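The values are calculated or read from the model by the stated rules, or taken from the named source; none is laboratory data. Computed from a predicted structure; not experimentally measured. Cβ: placed from backbone, ideal geometry, glycine included. Neighbour counts: every protein chain shown. Just the protein is used for accessible areas: all its heavy atoms, side chains included, with ligands, DNA and RNA removed. Shrake-Rupley method; radii C 1.70, N 1.55, O 1.52, S 1.80 Å.
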Amino acid sequence: MKLVIAIVHDEDAKSLLEDLTKSEFRVTKLASTGGFLKAGNTTVLVGVEDDEIDRVKEIIGENCQSRKEMVTSPAPVSGTTGVFIPYPVEVTVGGATVFVVDVEEYLKL
Ligand code: 2BA
């Protein structure tokens, strides 16, 4: 058995959860925050049998788009003043960041 951990954009989470549950996967949604943008994102946990992994990855791919986001980064005004001004930098986020890990035990107690 595997655990799929997918970090996705908040806007993609609703349709992703709908499609996963429609396909009878069991899903947990966690509210999370990206360390770089410090903005909210969604982490989705899916416990699946090994032969279902490809279908889960497919559903994630179908629902998650990449997006351009702006982040403000400080830059020195000059090398010697020590004064920094913020300037916008564009980063590409996602579609989805996906980890697949082995599950040692799956228990319902
Ligand atoms: P954030 O950490 O907020 O990162 C948002 C986007 O900023 C990243 O998109 C990437 O394009 C850029 N970025 C992140 N760290 C950077 C850095 N040190 N220098 C330059 N650019 C950087 P994605 O790579 O698609 O990641 C989206 C979200 O997935 C991340 O949000 C984070 O919450 C998660 N994530 C990505 N890779 C991860 C990893 N190896 N471990 C844990 N979480 C990860």
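Some observations on this one:
- For the chain, a simple Cβ point-charge model (Lys and Arg +1, Asp and Glu -1, everything else neutral) yields a dipole of about 560 debye relative to the Cα centre.
- 1.4 Å probe accessible area per residue over the chain, in Å²: 69
- Selection of trypsin sites (Lys or Arg not before Pro), the range 1-61, meeting DSSP coil and at most 10 other Cβ within 10 Å: Arg26, Lys38
- Cβ charges +1 (Lys, Arg) and -1 (Asp, Glu), total dipole of the range 1-52, debye: 340
- The charge dipole of the range 23-74, taken about its Cα centre with unit charges on the Cβ atoms of Lys, Arg (+1), Asp and Glu (-1) only, comes to about 540 debye.
- Dipole axis of the chain (+1 Lys, Arg; -1 Asp, Glu on Cβ), positive-most option in Val103, Cys64, Val89: Val89
- Taken over the chain, the percentage of Cα pairs per 10 Å bin, counting from 0 up to the bin with the maximum distance, is 13, 38, 24, 13, 8, 4, 0.
- Pairs exceeding a 20 Å alpha-carbon distance, out of Lys29/Lys57; Lys57/Lys108; Lys14/Lys57: Lys57/Lys108.
- 10 Å Cβ shell holding at most 16 others, DSSP loop, chymotrypsin sites (Phe, Trp or Tyr not before Pro): longest site-free stretch of the chain: 37-105
- Accessible surface of the chain [probe 1.4 Å, protein heavy atoms]: carbon and sulfur percent: 53
- Bridging of Lys38 to aspartates and glutamates at a Cα separation below 17 Å is possible for Asp10, Glu11, Glu69, Glu90, once same-chain residues fewer than 8 apart are set aside.
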